[in-house]
Amino acid sequence: MGSLTTVPRAAKAEDPAWIRWTLTAVAVLLLTVLVIVPVVSVFVEAFADGWTAYWDNLLGDPDTRSAMLLTAVVAPVAVACNVAFGVAAAWAIARFHFRGRTTLVTVIDLPFSVSPVVVGLMFVLLFGMQGFFGPWLRAHGVQILFTPIALILATTFVTVPFVAREMIPVMEAIGPDEELAALSLGANGWQIFVRVTLPNVKWGLIYGVLLCNARAMGEFGAVYVVGGRIAGETNTMPLQVDMLFQGFNSPAAFAIASVLTLLGLVTLALKTWVEGRKKDLTQSHEDAKVES
Amino acid sequence: MAQVNRRVLPGFRLSLGFTLVYLTVLVLVPLAACLLTAASLPRDEFLKAVWTERARAAYALTFVAAFVAAGVSAVLGTLIAWVLVRYDFPLKKFFDAIVDLPFALPTAVAGLVFSNLYVPSGWFGRFLVPMGVEFAYSQAAIVLVMVFIGFPFVVRTLQPVLESLDHETEEAAAMLGAGRWQVFRRVIFPAILPGIVTGFALAFARALGEYGSVVFVSSNIPGKSEIAAVLIVNKLEEFKYVEATAVATVLLFASFLMLAVVNWLERWSRRWDR
């Protein structure tokens, strides 16, 4: 906490006004050129030929419709898997001591550092015809590569760390006191989790879900490799953007891109809002600890 | 650390068991598949596949572009973080929030937009191209999208470091007669350097493996503007699995090395904390 007497800051420890204004102007200009103008241009390009052309680009093409449907299936399934994983991992890591705990945290982070294209290659090496399980699967009539299942696997791999990484620090900050109290009052594991842990960590969990979902929806490299880019079958929205762009159908590519950008902006707004909630939550728990 | 040493709370075996099985099936088995495939290749065949002229050009371009982009990200990110932490200006919250946009925006969208902005008829291209600045489909465009996806790492690593800086040391230095630039160079910069380096390493690691945005903005010509990730995909499309795996192994080891460096940096920068 800050000191009780606030000493007026020495004038010399502040930057002169001209430096402040120059640096601020440069930073604002950079963010405008790098981030704002690109986002605005997505919508301008998408609506360049008017509303009717926009809707036609978006809904008139059955391949594009199927891409949106596929993304709406693949991303939530990947997020659901990683929520289950993230909750389990956070419970094990933030509530217990065991050997290899730090190693486990590093392994959870691994997918962050693997190139998405390499992730795709790994699944090709597993399930492809020359791969480890490919011939066996083929003999049993199971096809994984170039199906939505491969898309889900690749997307889940790439987004493994998101929920766990958010949950672990939040659960560590909150501490086990309330759960121990519930246990001593006779609650069983499930009751402790649903009634005590979940309400406590919910903003951390939602935050993780938001980040995980944004990445899952936008995943490109990994699904590009495992999907085989069959229009109408294994093209997610980002892959459809690529296919239309390659086919010189820029307006349609930008129409789908505008939907993805809108989803990104909504994610960003929700994230900023949840961030405040999350901070309040961990802060109030820390205050409670100081008081007791 | 708030943890339970004696395993009083229930669910340890269940949660740890699920975590381990999940990670093994989803992450470790595919990783092993890649490394085993690479290891099972005859040595000279592997070395030949790793070190073709085309592959060498791809590594060089990937590493140089990622390094330059991470460097640019470090400079721009430091400046943006500094302004966001130290100064007040209108719409500050808005500008702070949009720093995360590259995390939320699909890379394909970023690639699509950046490929469109700098062509001669694009919003920036129509001013830049007459001035002789040809970004579109050049190697500079690769660096540009890598900066776009990389600079938020620097800003977000540095912001908490700058916020926790102690004003009193700066004041003491100023009282002792140090100029503002001296204070920055001798007092502030050494304190935030580990943060800058960590941000640099994160941006570099991310740029090394980037595919989605680069494939849109680059002309992807083998030996000239083809990065390693694009080379892997091209080899896969020709069903040349050996070469794809060989290049992927190099990329994989490079990113593991970066992961180790980032972990070490984080521990190093926290060495005075306790």
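Values quoted throughout were computed directly from the atomic coordinates according to the rules given, and no laboratory measurement underlies them. Being a predicted model, the structure only gives us computed values, none of them experimental. All Cβ positions, even for glycine, are placed from backbone atoms using ideal geometry, and neighbour counts span all protein chains on display.
The figures follow:
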| read-out | value |
| --- | --- |
| Order of A:165, B:156, A:215, B:270 under a 10 Å beta carbon neighbour criterion, fewest first | B:270, B:156, A:165, A:215 |
| Karplus-derived HN-Hα couplings along the range B:133-143 (A = 6.51, B = -1.76, C = 1.60, θ = phi - 60°), whole Hz, x at Gly and Pro | 9, 9, 7, 4, 6, 9, 5, 4, 5, 4, 4 |
| Per residue Cα convex hull volume in Å³ - calculated over the range B:41-269 | 156 Å³ |
| Normalised convex hull volume, the range B:43-172, alpha-carbon set, Å³ per residue | 194 Å³ |
| Calculated FRET value between residue B:7 and residue A:48, using beta carbons and R₀ = 45 Å, to 0.05 | 0.15 |
| Axial C-alpha extent at least 24 Å, average Kyte-Doolittle at least -0.5 - helices from chain A (DSSP) | A:62-95, A:198-218, A:250-291 |
| Table column - 3J(HN,Hα) (Hz), the range B:42-51, Karplus curve with 6.51, -1.76, 1.60, x for Gly and Pro | x, 3, 6, 5, 4, 4, 5, 5, 6, 10 |
| Net charge contributed by nearby residues that have their C-beta within less than 15 Å of residue A:247 (K/R +1, D/E -1) | -2 |
| Average Cα contact separation per residue, the range A:179-280, under 8 Å, 6 or more apart, as relative contact order % | 29 percent |
| Ranked B:175, A:217, A:68, criterion: other C-beta atoms within 10 Å, fewest first | B:175, A:68, A:217 |
| Scattering curve values for the range B:151-232, log₁₀ I(q)/I(0), Debye with Cα scatterers, q = 0.16, 0.18, 0.23 Å⁻¹ | -0.70, -0.79, -1.02 |
| Cα centre as origin, Lys/Arg/Asp/Glu Cβ charges: the range A:50-291 dipole, Debye | 380 debye |
| Range of Cα positions in the range A:248-289 per principal axis (Å), largest first | 60, 11, 7 |
| Spin-label model distance (nm) - residue B:48 vs residue A:99, 7 Å beyond Cα toward Cβ | 4.6 nm |
| In the protein assembly as shown, lysine pairs with alpha-carbon atoms under 21 angstrom apart (chain gap of 8 or more, or interchain) | 18 |
| For chain B: relative contact order, % (alpha-carbon pairs under 8 angstrom, 6 or more apart) | 29 percent |
| Computed FRET value (nearest 0.05) for residue B:131 with residue B:224, which takes r as the C-beta separation and R₀ as 22 Å | 0.40 |
| For residue B:148, net neighbour charge (Lys/Arg +1, Asp/Glu -1) across residues whose Cβ lies under 13 Å away | -1 |
| For the protein assembly as shown, size of Cβ-based charge dipole, Lys and Arg +1, Asp and Glu -1, in debye | 1080 debye |
| In order through the range A:228-235: 3J(HN,Hα) via Karplus (6.51 cos²θ - 1.76 cosθ + 1.60), integer Hz, x for Gly, Pro | x, 6, 9, 4, x, 10, 10, 8 |
| Virtual spin-label span in nm between residue B:271 and residue A:17, 7 Å along Cα→Cβ | 4.4 nm |
| Mean separation of Cα contacts under 8 Å (6+ apart) over length of chain A, as relative contact order % | 28 percent |
| Rg over Rh, two decimals, the range A:97-237 (C-alpha only, Kirkwood Rh) | 1.11 |
| Per-selection metrics, the range A:50-291 (Cα): Rg and Dmax in Å | 21.1, 66 |
| Kirkwood hydrodynamic radius over Cα pairs of the range B:38-77, then Stokes diffusion coefficient at 4 °C and 1.567 mPa s, in µm²/s | 108 µm²/s |
| Interatomic Cα distance distribution for the protein assembly as shown, bins of 10 angstrom, percent | 3, 16, 26, 26, 18, 8, 2, 0, 0 |
| Exposure proxy order (Cβ contacts within 10 Å, fewest to most) of B:15, B:73 | B:15, B:73 |
| Amide H partners (placed H, <5 Å) of residue A:96, local residues excluded | B:4 |
| Kirkwood Rh in Å, taken over the range B:216-274 so that all alpha-carbon pairs contribute | 13.7 Å |
| Stretchable slack from residue B:163 to residue B:260, in nm (0.36 nm times residue separation minus alpha-carbon distance) | 32.3 nm |
| Charge sum, other residues only, whose C-beta stays under 13 Å from residue A:130's C-beta, Lys/Arg counted +1 and Asp/Glu -1 | +2 |
